[in-house]
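Notes follow the structure.
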Amino acid sequence: MKRQLILGLILVLMIFITIGAYFFIDSYQTKQTEEAAKEAAALQISNFSFGNVVKLDIHTPDLDYTIEADDESNSWVVTEGEQSYINTYYINTLCSYGCSLTATEDLGILDSSTLENYGLSDPISIMYYIADSTSTDSDDSSDVNTNTVTIYVGNQTSTSEYFYMMCDGSDHVYLVDASIAGYLAVNETQLRNRYVVEDSTSDFCRLSLQAGDEVIYDLELTDEGEWDMLVPYDIPILLDSSKISSLTISLQEMEIDDFGESDITESDYAEYGFDNPGYTLYFEQKNGNSVTLLFEDYDSLVTSYINCLHMETGEIYIFDSSYLSFLQAETSDYMLETLYKPSEDTVASMTVSYSGSYNDKTLDFETTIDIDYENSTYSCNGIDFSDSEDTVDAYSEFFEKAANLSYEEIQSDAKDPGYDADAVALSITYVLTDDSTHTVELIPYEDNNYWAYIDGEFSYTLVRQKTLSGNGRLLECYVTFEEALESVGA
């Protein structure tokens, strides 16, 4: 009995020891966590929401800027500063890295001479204006309540691991990891706009590219909003507006990778390799801006970066060559491959005549198709075939081949043989719904080729016979349509 009592007391004692140890460890861990939280809070330089920043005041020993968020353009705009256009992506970076900044070490309060040695007597300063979360939905920015947070960036440490930093509301100096603080050490190069086209809201009105001494294109926007090629071809082939649109987008997105020497004058061109540039790109915008860029020659397969001179500013830019493929374009890249390509809904009638060979035979015909695209009614030589699905399908294929009749090549040095109506082998005449008329005519040339005339004007383009007679081409589609039409008239 006595033995059992002793065992019971020992068991009770062990329970109390265990409980006491648990509470001691729990209290110790809680205290440690609280102390760690206090230490972390003491090293917290800034803590605000990136999305609530509405304005920044940036000061360095060399520049001062005020930059504000513009809700209308959803971008940052300069309201005070030397440059009208800045690197808005970098402003986002300043907000991103500045909103939750934690130091590695608190160096305490330092004397003025030490502050000067650390670059904190006239430091880089960034003042963030943060909108009150309860007022960010206001339509009027003047109604938005803001508070400010200012951080100060000094020199980098001798080991380059940290930057010396301070913040408003504290006299302490902190060490902040260079991988973060380096983004906050603002300089002119980082702030500079990286896009050659500064105002992307203004349309282009002139585009020109020269490769060496050869003009690839010189395009001008007409008053009607259509692009016209001035050089090297003054021919009736239409330009491909979709490809020109892609070109203008590429120009707007042309981003400078780095900045080189500045104040380059014409007397310096030879020294930097711009006396005989590989490419000369020129553009004008409706806002009056014009830019001329001289690029060094390069091999896209082996050259990673290209030097470029901005003639108007005398500054050298450095570009990633992978984003400049448009420099190596050909003239034909911006021209339609078709002779004349109307949309079916703009055509009231199409007359096609042909006299020549087809599959080792002679084919001779003239046919007129009246088209009411809106009401889906069609007739050919007085025969209505609107209700014949097979005939409508055959017509659609025939129209598509006629509208997409393409040339093989452009011979810009060819001599106009002179238009001869009696020599025309193929003629396609479109009467459009606006009552205008456009004609494509082919006149035989040597070796089964044809010269193309568009609205009576020599086009300098060659069309091959295979374009007409090949499998599934224009003449075969006509024969199929004619056979389907006969079944309607039978």
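Do you know which of the residues in region 223-250 that are free of Cβ contacts under 8 Å to residues at least 60 places away in the same chain and in a helix (DSSP H, G or I) is least open to solvent (accessible area, probe 1.4 Å)? Filtering region 223-250 for residues that are free of Cβ contacts under 8 Å to residues at least 60 places away in the same chain and in a helix (DSSP H, G or I), the one least open to solvent (accessible area, probe 1.4 Å) comes out as 248.
Residue pairs whose Cβ atoms lie under 7 Å apart, separated by 6 or more positions or on different chains, with the first residue in region 356-370 and touching a residue at least 24 places away in the same chain (Cβ under 8 Å) and at positive phi and the second crowded, with 16+ Cβ neighbours inside 10 Å and of a type outside the set (A, V, I, L, M), are 359/469. Scanning region 299-343 for residues that are open to solvent by less than 40 Å² (accessible area, probe 1.4 Å) and part of a helix (DSSP H, G or I) gives 321, 326, 327, 331, 334.
So which of 171, 203, 213 ends up being more than 29 Å from residue 324 (Cβ to Cβ), open to solvent by 60 Å² or more (accessible area, probe 1.4 Å) and either touching a strand residue (DSSP E or B) at 6+ places or on another chain (Cβ under 6 Å) or not small (Gly, Ala, Ser) (or both)?
171
Considering only residues of region 55-97 that are among the charged types (D, E, K, R), surrounded by fewer than 14 Cβ atoms within 10 Å (Cβ to Cβ) and under 18 Å from residue 188 (Cβ atoms), which is farthest from the chain's Cα centre (by Cα)? So the residue we want is 62. Specify the residue that is most open to solvent (accessible area, probe 1.4 Å); the eligible residues are those in region 390-430 that are in a helix (DSSP H, G or I) and under 24 Å from residue 335 (Cβ atoms). Of everything passing the filter in region 390-430, 400 is most open to solvent (accessible area, probe 1.4 Å).
Answer yes or no: is there a residue in region 112-131 that is modelled with pLDDT under 95 and within 36 Å of the chain's Cα centre (by Cα). Yes, some residue in region 112-131 is modelled with pLDDT under 95 and within 36 Å of the chain's Cα centre (by Cα). Does residue 362 qualify as being part of a strand (DSSP E or B), surrounded by fewer than 13 Cβ atoms within 10 Å (Cβ to Cβ) and among the polar types (S, T, N, Q)? Here the answer is yes, as residue 362 does meet what is asked. For region 431-454, the set of residues classified as of a type in the set (Asp, Glu), modelled with pLDDT of 95 or more and assigned to a loop (DSSP other than H, G, I, E, B) consists of 434, 435, listed by residue number. Which of the residues that make up region 448-487 are over 22 Å from residue 360 (Cα atoms), surrounded by fewer than 17 Cβ atoms within 10 Å (Cβ to Cβ) and not polar (S, T, N, Q)? Selection gives 455, 456, 457, 486.
The values are calculated or read from the model by the stated rules, or taken from the named source; none is laboratory data. Keep in mind that this is a model prediction, so the values were computed, not measured. Note: ideal-geometry Cβ built from the backbone for every residue, glycine included; neighbour counts use all protein chains shown. Side chains are part of the model used for accessible areas, which takes the heavy atoms of the whole protein and leaves out ligands, DNA and RNA. Shrake-Rupley method; radii C 1.70, N 1.55, O 1.52, S 1.80 Å.
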